[in-house]
Amino acid sequence: STMRKRRTTDSPHSSIDLNEGKEKLKLKQEVGLISGVSLIAGTMIGSGIFMSPEWVLHHMGSPASSLIIWAACGLLAMFGALSYAELGTIIKESGGEYIYILRIFGSFPAFLFAYTSVILVRPAGLAAVCLSFAEYTVAPFYPGCASPQVAVKCTAAACILLLAIINCLNVRLATSIMNIFTAAKLLALLVIVAGGLVLLFKGQTQSFQNAFQNTTAGVGAVGVAFYQGLWSYDGWNNLNYVTEELKKPEVTLPRAVMIAIPLVTCLYLLVNVSYLAAMAPSELLSSGAVAVTWGDKVLGRWAWLISLSVALSTFGSSNGTFFSGGRMCYAAAREGHMPDILSMAHVRCLTPSPALLFTSAVSLIMIISGSFTSIVNFFSFIAWLFYGMTIAGLLYLKIKKPELPRSYKVPIIFPIIVLMAAVYLVLAPIIDQPQIEILYIVLFIFSGIILYFPLVHFKCHPRFLQRITLHLQLFLEVAPTTREAN
């Protein structure tokens, strides 16, 4: 399997002995309930909760309506994750949306998803997280004013380059960083929650008086607010990317979802309440880094701890994005949907360096040309387009193929709600506030047709492409993982 190939490659002992690699694989597949909960929660809690609150409030206009959006986003993520849990018990393969779209709808839409995800979605997610890391890293050097965009973008670019080096050189170092920085993000959120509760007990409730005043009712504004809120919940589907590594997936998958997502939702709501207890809505809207402003007001001279914690959190999230980014590349390469070079690994470091370098290059371009909020909006547009397609596939299986064995069944109303939300999130901004960039994204998705039919359907591989692959192999010192697995 694809995951078998990748795990064999990622293991530091895989190139020495195949049997030893298989033993290592078996150990790594024993992902239980606690590990599953950690994977979901650790991926979800990234940069969004430290960057998105001001944008949700900006689009909704009032504190109460913004809190409703945060709660609704958590509920939608819960419904989506439970729907994916049923898919994971029917199609017990790793690869997330890609493998579900492939098995239900066929090769062509799966290729469009892989093409769009590798070139746009994953680099956009990485760029957004690194921009938020840069905002919080630079903010303490410019107290009382907005940070210069040049400094922010240069810091974000340096973050991407550093992560690329770490992940290309050493898998163990990358995993250690991911574990350490998960603790930092939880600590930062708990400090903010505790500080907010203290302020509320002291009577700082001004932001919650007339809390619905100035609420925005526009269809497009609500859709964009959902985009910003759902960005903070992104990662609810991550466990489906490692289904083959789960211990008893039919039990672990739904249970991990039922624990992790309500936990994160409660944390997010409490953090937003804390922000509003410390700041008036106007102050929150004018803050470039919400948690830093909160720290200045609540912690005083210890405010630097918040900046440090958030920077560590977002850096860890960026590292997690890098580390898990190769899974879909491997799954797509197994089906012949990705260039061979993207599925290869470094012969000595045993890391998927070509895929990581490619993602780094595209992310750098996005950082130079875009801002945090614009990148998140376009990322969310594409993501929910394919989430909707995947959920439609589940509804098809529930209605047309009820005889398929499945150990967990989600109530059909849940995927229907998620599908309706996906349609709304895709269409609402287009109808209410059409932007030419969305047309460019749609054209980009369908530009995959130009590549699919000659390269995948008819398998026409020009000789010069093979030569380019060979030269890249020699230059990057990489080899096909399939050969090592065999």
Of LYS247/LYS459; LYS202/LYS297; LYS92/LYS459; LYS185/LYS409, which ones are farther than 26 Å apart at the Cα? LYS247/LYS459; LYS92/LYS459; LYS185/LYS409
Using only Cα atoms, tell me the angle between helix 219-233 and the longest principal axis of the chain; keep it within 0 to 90° and round to the nearest 10. 70 degrees
With all pairs of different alpha carbon atoms counted, what Kirkwood hydrodynamic radius in Å does the stretch 110-172 show? 13.3 Å
Return the calculated 222 nm mean residue ellipticity for the chain, to the nearest 500 deg cm²/dmol, obtained by summing -39500 (n - 2.57) across DSSP H runs with n ≥ 4 and dividing by the residue count. -23500 deg cm²/dmol
Over what distance in Å are the Cα centres of the stretch 53-73 and the stretch 103-152 separated? 22 Å
Per-pair calculated FRET efficiency, R0 = 22 Å: PHE453 and ILE119 via Cβ, rounded to 0.05: 0.80
Heavy-atom accessible area of TRP304 with all protein chains present, probe 1.4 Å, nearest 10 Å²? 140 Å²
If only Cα atoms are counted, what is the Rg of the stretch 231-360, and what is its Dmax, in Å? 19.9, 56
Using a 10 Å cut-off on Cβ atoms, rank the peptides 145-155, 101-111 from the highest mean neighbour count down. 101-111, 145-155
When only alpha-carbon atoms count, how far does the chain stretch along each of its three principal axes, as whole angstroms with the largest first? 67, 50, 44
For the stretch 349-486, take the convex hull of the Cα atoms, compute a quarter of its surface area, and give me that in nm², please. 13.7 nm²
Considering every pair of different Cα atoms, what Kirkwood radius, in Å, is found for the stretch 83-223? 20.1 Å
Give the peptides 61-67, 296-302, 345-351, 93-99 in descending order of average Cβ contacts within 10 Å, highest first. 93-99, 61-67, 345-351, 296-302
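The values are calculated or read from the model by the stated rules, or taken from the named source; none is laboratory data. Only a predicted model underlies this, so the values are computations on that prediction, with no experimental measurement involved. No Cβ is skipped: glycine too gets one built from the backbone with ideal geometry, and neighbour counts run over all protein chains shown. Side chains included, ligands, DNA and RNA excluded: accessible areas come from the protein's heavy atoms. Shrake-Rupley method; radii C 1.70, N 1.55, O 1.52, S 1.80 Å.
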